[in-house]
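Just so you know, all these numbers are worked out from the coordinates, no wet-lab data involved. All of these numbers come straight from a predicted model, not from anything done at the bench. In this analysis, Cβ positions are derived from the backbone assuming ideal geometry, glycine residues included, and neighbour counts consider all displayed protein chains.
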């Protein structure tokens with residue numbers, strides 16, 4: 001049985017109250033433009049790249065302890081981030097199936113496809129751009145950051161899948177804030193430890209922000225929302 005909150009519209013919850021907002025669409029377009037600009041500057045060795053390589057050592061010398069920075073950077077690893085998304089996918093699929101929601105499988109599949117897109121998009125870009133790493137890092141292929149991309153999709157995708165099951169506006173807001181802070185922390189840790197330049201991280205945020213926007217569209221249309229009649233909802 002389809003869960004609707006208005007005639008002809010499937011029930012959804014923030015970040016998209018009924019359909020993804022114009023704000024999110026504009027943010028996606030801005031991400032695309034920013035990603036194109038950064039990629040051009042990095043590939044052409046432009047002034048933005050020069051500024052980036054001056055900023056990197058300043059962040060590396062920040063007061064964030066090495067242990068904390070390493071921990072944050074590790075949160076972007078496949079071994080940590082992907083299981084988090086897998087659990088969210090399994091939970092969303094279980095809840096949707098239990099509620100017999102319309103095309104309950106589409107939102108979990110969209111999140112899984114987004115994660116599969118990480119190597120598909122990142123690896124060719126690394127090969128094409130061939131950016132060298134910060135001092136102390138060997139070889140090339142540092143742009144864009146794969147760890148940042150993995151964290152962005154895993155934690156962002158998990159948040160999108162779980163949002164419909166949080167009834168409280170406060171809880172939904174806190175989940176979004178936690179996801180944003182977590183992704184920022186991963187990026188900061190990667191730069192602080194000297195694994196990536198700042199623009200490597202920002203480019204991944206922009207690129208996979210667009211990928212997550214596509215997931216948002218699917219969740220907005222087919223994501224199941226918990227209701228009083230949900231058989232999986234605690235009494």
| What shape does region 62-141 take by its C-alpha gyration tensor, where a ≥ b ≥ c are the square roots of the eigenvalues and a/c under 1.5 counts as rounded, a/b above b/c as prolate, and the rest as oblate? | oblate
| message | When a/c reaches 1.5 or more, the comparison of a/b and b/c decides; with that in mind, is region 173-219 rounded, prolate or oblate per its Cα gyration tensor? | response | oblate
| request: Grab the DSSP H runs of the chain that are 4 residues or longer, score each as -39,500 (n - 2.57), total them, divide by all residues and round the 222 nm result to the nearest 500 deg cm²/dmol. | output: -23000 deg cm²/dmol
| request: Quote to one decimal, in nm, the extra length available between residue 169 and residue 127 on full extension: 0.36 nm per residue of separation minus the C-alpha distance between them. | output: 10.8 nm
| Whole-percent pair-distance distribution, where bins are 5 Å wide, for the alpha carbons of region 101-157 | 4, 19, 21, 18, 14, 10, 6, 4, 3, 2, 0
| Could you give the angle, 0 to 90 degrees to the nearest 10, between helix 47-60's Cα long axis and the longest principal axis of the Cα atoms of the chain? | 80 degrees
| message | Rounded to whole Å, give me the distance from the Cα center of region 164-220 to that of region 62-81. | response | 15 Å
| said: If N is the number of residues in region 95-235, what value comes out of its Cα radius of gyration divided by 2.2 N^0.38 Å? | reply: 1.22
| query | Seen from all sides and averaged, what is the projected area of the convex hull of the Cα atoms in region 148-193, in nm²? | reply | 2.9 nm²
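Considering every Cα-Cα pair within region 36-173, what fraction, in whole percent, is farther apart than 21 Å?
56 percent
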| request: Give me the angle, in degrees from 0 to 90, between the Cα long axis of helix 22-43 and the longest principal axis of the Cα atoms of the chain, rounded to the nearest 10. | output: 20 degrees
| query | How large is the Kirkwood hydrodynamic radius of the chain, in angstrom, based on all distinct alpha carbon pairs? | reply | 18.6 Å
| Gaussian network model of the chain, springs between alpha carbon atoms under 10 Å - residue of 93, 51, 107 with greatest fluctuation | 51
| Listed residues 56, 139, 185, most fluctuating in the chain (Gaussian network, C-alpha, under 10 Å) | 139
| note | Two pseudo-spin positions, 7 Å from Cα along C-beta at residue 53 and at residue 120, lie apart in nanometres by 3.3 nm
| remark: Out of 192, 54, 63, a Gaussian network model of the chain with alpha-carbon springs under 10 Å gives the largest mean-square fluctuation to 63
